[in-house]
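The values are calculated or read from the model by the stated rules, or taken from the named source; none is laboratory data. Just so it is clear, the structure is predicted and the values come from calculations on it, not from any experiment. Virtual Cβ from ideal backbone geometry, glycine too; neighbours counted across all protein chains shown. Heads up: the accessible areas ignore ligands, DNA and RNA and are worked out on the full protein's heavy atoms, side chains in. Shrake-Rupley method; radii C 1.70, N 1.55, O 1.52, S 1.80 Å.
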Amino acid sequence: MEFKGSDRGPFVPALIIVDMQEDFCPPNGSLAVQDGRTITPLINDLLSQPGFVTRIATQDYHPADHISFASNHPPPNNRPFESFVEMKNPAPDKKTETKPQQLWPVHCVAGTPGAEMIPEIDAGRIDLFVQKGKHSQVEMYSAFADAFGNLDPAVTAQSVNVDIASVLEKKGVTDVFVVGLAGDYCVKCTAIDAVKAGFRSWLIEEGTKCVVPASWDKVKEELRVAGVSVIHAGDAIVKKLAVAVA
Ligand code: VGL
Ligand code: ZN
């Protein structure tokens, strides 16, 4: 028999809010996700739930010369959303490994207004901000690992300011709830890497929006195969978050 819910041992939940930043939101974001701002009330409601042992927000936080910016590459292969460039693994022992990297409009440049959290988010309740994508030559959608899956802080130190897996482990977290932008990129990769890091991973469907909304069914299948549970805001597991941590 499959064990469910409270039969599965301790429940120590954390909230990860992904990339609720001006550049991912209408009306002014350079990489605005359709309806991106509309998920804010749900996210603020989650932030107010007493059950989380920690509430973490991630920020895409790129240098101006980031490899994913279309304008940093010569034409004709520099069309945002469409073009791909070759990216090299930054790990010293894996330098020959490469991956295609999709190009984007310039977005979330560290220290600019586009990289700021949108002000509607109740930032006072956030315990920790994770800034990722800081290495100019590597993409980092997931808050846990760079695009090559590098987890070793010795390798990712240039990409991210916090080792999120060790932060969660130190707090005894068992379950990670993921919301934010964008469902088909950073939210997907963060939720999948949470599974790889050994946590149960729950993605609340009403708490995300996609760059390509029509891709969501395919993304949900990828998430399911990877072991992420895509759930609804009204589900029983979410109601458990109303119970304060002991
Ligand atoms: C994201 C594209 C490029 C995201 C970040 O937050 O989903 N998407 N950089
Ligand atoms: Zn980015």
Quiz prompt | Charge dipole magnitude, Cβ of K and R +1, D and E -1 - segment 87-246, Cα centre, debye nearest 20 | solution = 200
Practice problem: Just grab the label-to-label distance for D152 and A123, each label 7 Å out from Cα along the Cβ direction, in nm (one decimal). | Solution: 3.5
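Rounded, prolate or oblate: which fits segment 156-246 when a ≥ b ≥ c are the square roots of the eigenvalues of the alpha-carbon gyration tensor, with rounded for a/c under 1.5 and prolate only if a/b beats b/c?
It is oblate, given that a/c is not under 1.5 and a/b is not larger than b/c.
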Quiz item: Between V230 and residues 5 or more places away or on another chain, which pairs have amide H atoms under 5 Å apart, with H built 1.01 Å from N, and which residues are they?
Solution: L203
Self-check item: Pairwise label distance in nanometres, Q137 with F81, each label 7 Å out on the Cα-Cβ vector
Solution: 3.1
Quiz prompt | Separation of alpha-carbon centers, segment 4-55 and segment 198-246, rounded to whole Å | solution = 10
Quiz item: Add -39500 (n - 2.57) for each DSSP H run of 4 or more in the chain, then divide by its residues: what number comes out at 222 nm, to the nearest 500 deg cm²/dmol?
Solution: -4500 deg cm²/dmol
Quiz item: Taking GluC sites (Glu not before Pro) that fall in a DSSP loop and have at most 16 other Cβ atoms within 10 Å as cut points, what is the longest piece of the chain between them?
Solution: 121-246
Quiz prompt | P(r) of segment 38-79 over all Cα-Cα pairs, binned every 10 Å from zero, in whole percent | solution = 21, 28, 18, 23, 10, 1
Practice problem: State, to one decimal in nm, how far the label point of D65 lies from the label point of D45, with both points 7 Å from Cα in the Cβ direction. | Solution: 4.6
Exercise. Please calculate how many Å² of accessible area segment 13-242 carries per residue, with a 1.4 Å probe and no DNA, RNA or ligand atoms counted.
Key: 42
Quiz item: Restricting the count to DSSP beta bridges whose residues both fall in the chain, what percent are antiparallel, rounded to a multiple of 5?
Solution: 20
Quiz prompt | Percent carbon-and-sulfur accessible area, the chain, ignoring ligands, DNA and RNA, probe 1.4 Å | solution = 56
Practice problem: Could you tell me which of P74, A91, P27 has its Cα farthest along the dipole of segment 13-242 towards the positive end, charges placed at Cβ (Lys, Arg +1; Asp, Glu -1), taken about the Cα centre? | Solution: A91
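Return a whole-number percent for the relative contact order of the chain, with Cα pairs under 8 Å and 6 or more residues apart as the contact set.
It comes to 24 percent, rounded to a whole number.
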Self-check item: Kirkwood-type radius of segment 96-237, with distances r between different C-alpha atoms, in Å
Solution: 16.1
Quiz item: If you plug each phi of segment 94-103 into the Karplus form 6.51 cos²θ - 1.76 cosθ + 1.60 with θ = phi - 60°, what whole-Hz ³J(HN,Hα) values come out, in order, with x for Gly and Pro?
Solution: 10, 4, 7, 6, 10, 8, x, 10, 5, 9
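Once Rh for the chain is found with the Kirkwood sum over Cα pairs, what is the Stokes-Einstein diffusion coefficient at 37 °C and 0.692 mPa s, in µm²/s?
Estimated via Stokes-Einstein, D reaches 180 µm²/s.
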